[in-house]
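Below: one structure, written as structure tokens.
The values are calculated or read from the model by the stated rules, or taken from the named source; none is laboratory data. What you are looking at is a predicted structure, and each value in this text was computed from that prediction instead of being measured. FYI the Cβ positions are ideal-geometry reconstructions off the backbone, even for glycines, and counts take in every protein chain you see. What goes into the accessible areas is simple: the full protein's heavy atoms, side chains included, and nothing from ligands, DNA or RNA. Shrake-Rupley method; radii C 1.70, N 1.55, O 1.52, S 1.80 Å.
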Amino acid sequence: MQEFIDYIKGFIDVSEETVEHILNVANEETFEKGQQILNIGKTCKYLYFLKEGSVRSFIYQKGKDITHWVYGDKSLFTSWGSYVLQQPSNEYLEAIDECKVIAISYDNWQKLYQEHPELERFGRLMMEQELAVIDEFYKGYYFLSAKEKYELLISAYPRITQIANLGHIASMLGISQETLSRIRVK
């Protein structure tokens, strides 16, 4: 669990007492390749730290599987809207490959926030960082050519090509896999 504590320490200083409380409520889990972590319509009750592996969020629209985002190791993931608002999810979460995660329930995070106010600062800083990356990506996304979308994704998320297959990347960008292949060749 040290990777998760180190991730938090990348944002804030934490006391040994806080670390101990985090470790008391955190659970380590493994998801197999292709395993559904969350299904549409279910409320996401956990915030996950991805120790190893990769996870994608996706939806089905008109019978087509559309990848929304791909998370790599050493990152936090959840169905953000569902988790924060505690409402049914409008997306699926799926393990792209075998994943080792640390999971903390929504209720336990709320208790940690109350008992350890420095963790609220962590939550705010982490969300600001995530929002900035997503904002940068999607602001430009709608006005760019396929090549420019790919370049924007690579600049916002350099490791994406190492953890996601071309089909998922093409889906994220709203382009065909063939178009993405041509862009990557150039």
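Quick notes on this structure:
- The chymotrypsin sites (Phe, Trp or Tyr not before Pro) of segment 127-173 meeting both criteria, a DSSP state outside H, G, I, E and B (loop) and at most 12 other C-beta atoms within 10 angstrom of the site's C-beta, are TYR142, PHE143.
- GNM top mover of VAL101, VAL70, VAL25 - the chain, alpha-carbon springs below 10 Å: VAL25
- Cα centroid separation, segment 1-62 to segment 133-165: 23 Å.
- Helix-only CD estimate at 222 nm, as mean residue ellipticity for the chain, using -39500 (n - 2.57) per DSSP H run (n ≥ 4): -14500 deg cm²/dmol
- Relative contact order of the chain, defined on C-alpha pairs under 8 angstrom at six or more residues apart (%): 25
- Shape of segment 76-186, Cα gyration tensor, a/c cut at 1.5: prolate
- Portion, in percent, of the accessible area of the chain that falls on carbon or sulfur, probe 1.4 Å: 49
- Convex hull volume of the Cα atoms of the chain, normalised per residue: 118 Å³.
- Cα-centre dipole for segment 87-170 with unit charges at Cβ (Lys and Arg positive, Asp and Glu negative), debye to 20: 200
- Estimated vicinal HN-Hα couplings, Hz - segment 162-168 in sequence order (Karplus 6.51, -1.76, 1.60; Gly, Pro = x): 8, 10, 10, 7, 4, x, 5
- Per residue, the chain exposes an accessible area of 54 Å² to a 1.4 Å probe, with every protein chain left in place.
- Cα centre as origin, Lys/Arg/Asp/Glu Cβ charges: segment 130-186 dipole, Debye: 260
- Placing +1 on the Cβ of every Lys and Arg and -1 on the Cβ of every Asp and Glu, with nothing else charged, gives the chain a dipole about its Cα centre of roughly 1060 debye.
- Segment 1-98: translational diffusion in µm²/s, Stokes-Einstein, Kirkwood Rh over Cα pairs, 4 °C, 1.567 mPa s: 89
- Toward the positive end of the charge dipole of segment 1-137, with +1 on the Cβ of Lys and Arg and -1 on the Cβ of Asp and Glu, the farthest Cα among SER15, MET126, LEU47 is that of LEU47.
- Using a cut-off of 23 Å between Cα atoms, the listed pairs LYS64/LYS186; LYS74/LYS147; LYS33/LYS186; LYS9/LYS111; LYS62/LYS147 include LYS64/LYS186; LYS74/LYS147; LYS33/LYS186; LYS62/LYS147 as exceeding that distance.
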